[in-house]
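Undergrad: One structure, as structure tokens, below. Some questions next.
Read the figures in this text as sums done on the coordinates, not as results from a lab. None of these values were measured; they are calculated from a predicted model. Heads up, the Cβs are rebuilt from the backbone with ideal geometry, glycines too, and the neighbour counts pull from every protein chain shown.
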Amino acid sequence: MMELPASLSLLTELASVSSSFIKQADRKLSAHGISFAEFMVMHHLNKAVDFTMSRTELADAVSLSASGITKKLNPMQRLHLVEKEINQRDARFSLVKLTATGVEIYNDALVTCIHCANDLTENVTAKQLNTLLEIFAKLK
């Protein structure tokens, strides 16, 4: 059997670790009624000026297509976590804003996510974490 190149091993290991981390974060965040994917949408909106981003910027930030972000936002809008402002001339330029309810749930979920991340990385030193973050920055 052919030995896999290190780059492919890295890709498969990253996928495995990512899936495991997300699954565990999803379980913890269910207490707040959101998934990790929804948390990430809220995280990017929380960092944005006035808690607002264009739909296309938000889609890029969370690595979703235009239709993917729409599917993600619709239930969030029904739960009053986000609100959308439609641009009548071009839907691609519609804005998405984190609501006051969304900010409150995000802040509570952030504490849960921090605890979850700490639990998931308890066997990794701070130096190792920083090294990983530096490597990931180069891979983007």
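Undergrad: Would you mind counting up the charge near THR101? Only other residues with Cβ under 14 Å from its Cβ, with Lys and Arg at +1 and Asp and Glu at -1. All intermediate terms of the calculation are to be shown ahead of the outcome.
TA: Working: positive: ARG78, LYS97; negative: GLU38, GLU83, GLU104, ASP108.
Counting the neighbours of THR101, the net charge comes to -2.
Undergrad: Rounded to the nearest 10 degrees, what's the angle between the helix 66-78 long axis and the longest principal axis of the chain, both from Cα atoms, 0 to 90?
TA: 60 degrees
Undergrad: Here's a follow-up. Computed from these coordinates, which is semi-axes √(5λ) of the Cα gyration tensor in Å: (i) 29, 16, 14; (ii) 34, 24, 13; (iii) 30, 20, 14?
TA: (iii)
Undergrad: If R₀ is 30 angstrom, what is the calculated FRET efficiency for the pair VAL62 and ASN123, using the beta carbon separation as r and rounding to 0.05?
TA: Once the sixth-power term is evaluated, E becomes 0.60.
Undergrad: Could you check the simple spin-label distance between MET2 and LEU132, using points 7 Å along Cα→Cβ, in nm with one decimal?
TA: Computed distance between label sites MET2 and LEU132 equals 3.0 nm.
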